[in-house]
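Written below as structure tokens is the structure these notes are about.
The values are calculated or read from the model by the stated rules, or taken from the named source; none is laboratory data. All values derive from a computational prediction rather than experimental measurement. With ideal geometry, Cβ positions are generated from the backbone for all residues, glycine too; neighbour counts draw on all protein chains shown. Just so you know, the surface numbers come from the protein's heavy atoms only, side chains and all, with ligands and any DNA or RNA stripped out. Shrake-Rupley method; radii C 1.70, N 1.55, O 1.52, S 1.80 Å.
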Amino acid sequence: MHSPADPQRQRRQQVLAEQVRAHYAQVPAMTIAPTLGGLFTAWVLWGAVDSRVLVLGMAAVIGLSATRLLLWRRFLRALARQPEAAAAPLWRRLAVGASLLSGLVWGSAAPLLYPPAQPGHEVFLLVLLTLLPVVPVAALAVYMPAFYAYCLPCVLPFVVTLALQPSWPAQMAALLLMMMLGALLTFARRYASSLAEAIGLRLALAEQSDALAAAVRHKSHFIAAASHDLRQPVHAMGMFLESLQQRGGDSGHDRVVSHLALSLRSLRGMLDNMLDLSRLDADAVRAQAQPLALAALLQRLADETAPLARQKGLRFTQRCDAVLVLADAALLERVLRNLLANALKYTASGGVALQARQRGSQVLLRVQDSGVGIQRQDFGRIFGEFIRLQPAGGDDGNGLGLGLAIVERATRLMGVALRLRSRPGRGSVFSLWLPLAPPGAMPGAAMPNGAAALPAAQALLPARLVLVIDDDPVVAAAAALLLQRWGLHSLVCHSAAQAMARLAAERLQPDLLLVDFHLAGGNDGLQAAALLRQQLGRPLPVILLTGDTDPARLREALRGGHVLLHKPVDPQRLRACLADLLAGGAPQPLPPATLAAL
């Protein structure tokens, strides 16, 4: 049974182990200094005292130093094998024993060397006995039992020897030495206490740091898991909604479908924000700065934003110098989209402006609005997670309060300075400084992001058979219904084993495999695709659907040469990929290591 005092006792044991580790870390210095000091003493006193005593003393010092070095080496090897070995009582006893032997060796100098045959050397001995207990304080006081074991047998023989001398100066020296010993012990205890407190604080800080890191990992895993679970029903909703839109024909029906589509886009945007934040926190995104034609990007954003501004009765203006900048295109587009969305949300009258102006070797990129503005004390807070200020007009708006958190992380990842100016009731200005591309640079490929990244819609070849494998019955039913609306046949199965059995029994030859990445029983879509390709004896085209945000798993899927789509999948993107694969082509690959791709 564990008592409430167990954590305190465990912390004391940890501090004690750190003190023993610090003691052994000082052993090399504690062997070199005494050896050199012993050689110097023998050289000074040679001829003034019995040379045999000096030789025996030096042999003892060297032998003890070698022994302590051997113990130090073995202690390090023990730590390498078992990090908690420092807490073992054996190493504490050996540390105290070695210190005691060292104290006895140096303490024996008092009766054997004092008084010297030549009176002039008496001063040297007095200085020596003063230095002997003082010099190793910093090294030995980290573990007080070792300090006591060395200091007392080292100093007390000198006190007794001096006190027994008939001369009054020698007796006064003994008294002064006792006073020095008391002061030294007091200093050593305070030093050891401060050191133990510092060690305890360091251990507590390390535990808090580990707990914080674990909390961050847990949060990232939670967001990834929540994203995966939420994407399943949203993915099914998207397919059912697309099937409803295929029917149409009734105005009331069309309005309901339109509202459903708007709600679904909002929910899909929230999930994408969760995915983006999770990947940024996990350092799964790497900024890749390339020459970028800024005007083309801003024009595309303007074409998307202007209609939304008009719906709210706002002016939208866009101006951009014809320049090439160095930037990660996907990250920059994500930043600007979030800033523009925030500007529209928090502006009830006036307008929103997107501007880019060259300033020397840099370009100043600004998103400006005439909205509600931000209090100065909120400047730092708004970039936190799940922080939402009151939008313009009192509407609580949509979203999870992750937009500006993603902006802050993305700009920091790109190494771009983000500046904010705002006055309550007057609006806000978010500014970015981007470096110009070097002269002669050519712009990179077009932006692979958002709707612009979707392959062109193509006609689907009719009467093709798509094998659907998904262990979620609702998602499987939605996929089957959507494929039917598109004029395709489908065979729905819930596992690879069921699919293989039905293909063999019904002698079917599917034209494409649409499979969920995660299947029941610990299997995945990669294994299912491999088994089905082996059974069919041909390279069946594969589309993997996943809500998984783990970068390692996503790279694994892409290395298999399959098409990877993230849930909730845009039905038009799914249709385009189906058309490409069924026509024998290769769909547009997803760009690696960008937010848009994964």
Just to be sure I understand the filter: pairs with C-beta atoms under 8 Å, separated by 6 or more residues or on different chains, first member in the range 341-361 and touching a residue at least 24 places away in the same chain (Cβ under 8 Å) and under 19 Å from residue 406 (Cα atoms), second member open to solvent by 40 Å² or more (accessible area, probe 1.4 Å) and part of a loop (DSSP other than H, G, I, E, B). Which pairs pass? 344/312; 346/372; 346/389
Within the range 6-15, can one find any residue that is more than 30 Å from residue 159 (Cα to Cα), open to solvent by less than 70 Å² (accessible area, probe 1.4 Å) and of a type in the set (Val, Ile, Thr)? yes
What pairs can you find where one residue is in the range 493-521 and over 20 Å from residue 472 (Cβ atoms), the other is of a type outside the set (Gly, Ala, Ser) and open to solvent by 50 Å² or more (accessible area, probe 1.4 Å), and their Cβ atoms are less than 6 Å apart, with a gap of 6+ or different chains? 511/464
Looking only at residues in the range 507-518 that are of a type in the set (D, E, K, R) and either closer than 10 Å to residue 467 by Cβ or open to solvent by less than 70 Å² (accessible area, probe 1.4 Å) (or both), which one is modelled with the highest pLDDT? 511
I'd like the residue in the range 407-427 that is open to solvent by 50 Å² or more (accessible area, probe 1.4 Å) and among the basic types (Lys, Arg) and, out of all such residues, is modelled with the lowest pLDDT. 412
Is it the case that the range 519-527 has a residue that's of a type in the set (Gly, Ala, Ser), over 37 Å from the mean Cα position of the chain (by Cα) and at pLDDT 85 or above? no
Residue hits (the range 108-139; outside any loop (DSSP other than H, G, I, E, B), modelled with pLDDT of 75 or more and open to solvent by less than 70 Å² (accessible area, probe 1.4 Å)) are 109
Say whether the condition of being open to solvent by less than 60 Å² (accessible area, probe 1.4 Å), at pLDDT 85 or above, in contact with a strand residue (DSSP E or B) (Cβ under 7 Å, 6 or more places away or on another chain) and closer than 25 Å to residue 507 by Cα is met by at least one residue in the range 530-538. yes
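Each row is one residue, and each column tells you yes or no for (1) open to solvent by 20 Å² or more (accessible area, probe 1.4 Å); (2) at pLDDT 85 or above.
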residue: 276; (1), (2): no, no
residue: 291; (1), (2): yes, yes
residue: 296; (1), (2): yes, yes
residue: 310; (1), (2): yes, yes
residue: 331; (1), (2): no, no
residue: 335; (1), (2): no, yes
residue: 340; (1), (2): no, yes
residue: 343; (1), (2): no, yes
residue: 362; (1), (2): yes, yes
Can you confirm whether the range 158-168 contains a residue that is farther than 26 Å from residue 33 by Cα, of a type outside the set (A, V, I, L, M, F, W, C) and surrounded by 13 or more Cβ atoms within 10 Å (Cβ to Cβ)? yes
Among the residues of the range 365-378, is there at least one that is open to solvent by less than 60 Å² (accessible area, probe 1.4 Å), farther than 30 Å from residue 439 by Cβ, without any contact (Cβ under 8 Å) to a residue 12 or more places away in the chain and within 30 Å of the chain's Cα centre (by Cα)? yes
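A quick yes/no check of all residues on (1) surrounded by fewer than 20 Cβ atoms within 10 Å (Cβ to Cβ); (2) modelled with pLDDT under 85; (3) over 37 Å from the mean Cα position of the chain (by Cα):
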residue	(1), (2), (3)
315	yes, no, yes
318	yes, no, yes
324	no, no, no
353	yes, no, no
Determine which single condition residue 3 fails, assuming it passes every other condition in (1) at pLDDT 75 or above; (2) among the hydroxyl-bearing types (Ser, Thr, Tyr); (3) surrounded by fewer than 16 Cβ atoms within 10 Å (Cβ to Cβ). (1)
Note: among 504, 478, 499, just one is farther than 19 Å from residue 578 by Cα and either modelled with pLDDT under 90 or surrounded by fewer than 19 Cβ atoms within 10 Å (Cβ to Cβ) (or both), namely 504
Restricting the first residue to the range 58-74 and requiring it to be touching a residue at least 40 places away in the same chain (Cβ under 8 Å), which pairs with a second residue that is open to solvent by 60 Å² or more (accessible area, probe 1.4 Å) and small (Gly, Ala, Ser) meet a Cβ separation below 9 Å and a spacing of at least six or different chains? 72/25
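The rows are residues; the columns are (1) open to solvent by less than 20 Å² (accessible area, probe 1.4 Å); (2) of a type in the set (Gly, Ala, Ser); (3) modelled with pLDDT under 85.
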position: 429; (1), (2), (3): yes, no, no
position: 434; (1), (2), (3): yes, no, no
position: 451; (1), (2), (3): no, yes, yes
position: 489; (1), (2), (3): no, no, no
position: 492; (1), (2), (3): no, no, no
